[in-house]
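Only one structure is covered here, and it is reproduced in the block below.
The values are calculated or read from the model by the stated rules, or taken from the named source; none is laboratory data. These numbers come from a predicted model, not from an experiment. A quick note on method: Cβ atoms are made from the backbone with ideal geometry, for glycine too, and the neighbour counts reach across all protein chains shown. Side chains are part of the model used for accessible areas, which takes the heavy atoms of the whole protein and leaves out ligands, DNA and RNA. Shrake-Rupley method; radii C 1.70, N 1.55, O 1.52, S 1.80 Å.
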Amino acid sequence: MRLQKWQALGNDYLIVEQARLPWPMTAGRVRRLCDPHLGLGADGVLVLEPAADARFVAALRIFNPDGSEAELSGNGVREAVLYLRREGWTDRDSFSILTAAGEVRPQISSATTCRVDMGRATVRSDDFPAGPTDGRGELDAGGRRWTFQHVSIGNPQCAVAVAGVQELESLDLSVLGPQFENDPRFPQRTNVSWFTALEPGRIRARIFERGVGETLSSGTGASGAAVAHRLAGGAAAVTVQLDGGELEVEIGEDLRVHLTGWAVPVYSATLSPELLEDLA
């Protein structure tokens, strides 16, 4: 079984085509593949297959390293899009793929970069069913009360503004993240972004992803932070500085989000007969 590993700002995924899988992808198999000691090590697995609807070049399933399935990943989508172009699934620079969150439409600008129409963000969703119409709320974590902005951008996000870089860098996300992620008000759990403004058009963010933990970067996490920043009066187009690098996020008047960034392949691999036997 052949697969590839890609990374975008340090957010790494294993990419495999459904036709090459000798068995169904299960939560246990995802966990084994993503394990850095017993498998290949990754932040998740992307499974691609031809879409039943001819409007889409491919259908994409996104798995977190704990085996749960995610609706959307900004970094994962860019990796999948550039993989599809490189592997000859399409010769177009603009096309659509189907995710659990719906249609995603990229515009490829180079062999390693693309701009992705992530769809419209909303602040009221079933991911925060008891939330107010503006999506704002408060939550106790780490011995203090936090004000957050709920944003749904294909998947659930909590964005938390903090006073400055010093406070942001001092946060222990290993403590705070799980308390946000598993708060009962979020029936599907939630991703969390803590962010602060650096200067006009630029913010710094740290990301905690459900089923993952703190990550070097997250496209949807950066988008959630950018939307919250915009709703609080910030710029419509921002550079989001993450631990793994920078992403460009544009927010339209209707909260439509466009995300621009890079992704590159790391390696191609063929799984050993021994690992395949264990996975079977």
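Below, the figures for the structure above:
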item: Computed lengthening from Arg20 to Ala236, 0.36 nm per intervening residue step minus Cα-Cα distance; result: 73.6 nm
item: Per residue value of the accessible surface for the stretch 206-263 (all protein chains in place, 1.4 Å probe), Å²; result: 32
item: Environment charge of Gln241, counting only residues whose C-beta is closer than 14 Å and scoring Lys/Arg +1, Asp/Glu -1; result: -2
item: Listed values (1) 90, 43, 31; (2) 91, 46, 26; (3) 51, 38, 33, entry calculated as Cα extents along the principal axes in Å; result: (3)
item: Estimated inter-spin distance, Glu49 and Leu276, nm [label 7 Å along Cα→Cβ]; result: 1.9
item: Cβ-defined net charge surrounding Thr260, 12 Å radius [Lys, Arg +1; Asp, Glu -1]; result: -2
item: Segment Glu87-Arg124, extension gain: residue separation times 0.36 nm, minus the distance between their alpha carbons; result: 9.5 nm
item: Percent accessible area from carbon and sulfur atoms, the chain, protein chains only, probe 1.4 Å; result: 48
item: Derived scalar couplings ³J(HN,Hα) [the stretch 80-89; Karplus, 6.51 cos²θ - 1.76 cosθ + 1.60; whole Hz; x for Gly, Pro]; result: 5, 4, 5, 4, 4, 5, 5, 8, x, 5
item: Positive-end residue, the chain charge dipole about Cα centroid, Cβ charges, pick of Trp89, Gly137, Pro178; result: Trp89
item: Whole-Hz ³J(HN,Hα) from phi, Karplus 6.51 cos²θ - 1.76 cosθ + 1.60, for the stretch 118-123, glycine and proline x; result: 8, x, 8, 7, 9, 9
item: Net charge contributed by nearby residues that have their C-beta within less than 13 Å of Asp140 (K/R +1, D/E -1); result: +1
item: Residue-span extension gain [Ala100 to Ala27] - 0.36 nm each, minus C-alpha spacing; result: 24.6 nm
